[in-house]
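Just so it is clear, none of the values below were taken in a lab; they were calculated from the coordinates. Keep in mind it's a predicted model, so treat the numbers as computed, not measured. Positions of Cβ are backbone-derived with ideal geometry, glycine not excepted, and every protein chain shown enters the neighbour counts.
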Amino acid sequence: MTSGRFAPFFAGLLLLTTAGCGGEAPRCTECPAVEGRYRLQFDTSGGVPPECALLGVEVPTGEVLDIARSGENLTSRLAGVPVRGTITSQGTFVMTGTGVPSANRTDTLTLTGTYLAPLADGGTASINGVLTGSYARASDTGGQRCNVSSPFSATRD
């Protein structure tokens, strides 16, 4: 005979194993063909904040983003930082990564955007969205930090 003392434990375990299913976007089964090479164009009209200039941060104008896709998973590299993420069947994507591409500065980059398929055969695919960068340099005096956000667009080569 059981005393019932394990019932709350198993109910909690069941709740934990099913909770992740509710609010997530459905997995991509027929994923858009976003893979390819894109030359990113950024809106640099606002420049970077002064604290970012002190860290040597620049918007990565003219960067090439080579996106590889396996199912819904995406990988690439931006301004020396490896980024990875996912794409939905609707074409929205997020890629993020952290790296140390220059002198003791840690860069965390996030690309949030949308893939637009070619409208007709022979057309050109494109992506657009926002690059968000968080930059930090540690030092004995507390370090330096800054954040940049810039819209981008690109067509596939």
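Structure above, values below:
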| read-out | value |
| --- | --- |
| Residue ID - nearest to Glu58 (Cα to Cα), chosen from residues in the range 126-145 that are surrounded by 19 or more Cβ atoms within 10 Å (Cβ to Cβ) and either touching a Phe, Trp or Tyr at 6+ places or on another chain (Cβ under 6 Å) or among the small types (Gly, Ala, Ser) (or both) | Gly133 |
| The lone exception for Val100 - which of (1) at positive phi; (2) surrounded by fewer than 19 Cβ atoms within 10 Å (Cβ to Cβ); (3) of a type in the set (A, V, I, L, M, F, W, C) it fails | (1) |
| Test result for Thr106, buried (at least 17 other Cβ atoms within 10 Å of the Cβ), among the polar types (S, T, N, Q) and more than 22 Å from Arg27 (Cα to Cα) | yes |
| Within the range 30-56, tally of residues that are part of a helix (DSSP H, G or I) and either buried (at least 18 other Cβ atoms within 10 Å of the Cβ) or in contact with a Pro (Cβ under 8 Å, 6 or more places away or on another chain) (or both) | 1 |
| Failed condition for Ile87, given (1) surrounded by 15 or more Cβ atoms within 10 Å (Cβ to Cβ); (2) within 19 Å of Gly62 (Cα to Cα); (3) touching a strand residue (DSSP E or B) at 6+ places or on another chain (Cβ under 9 Å) | (2) |
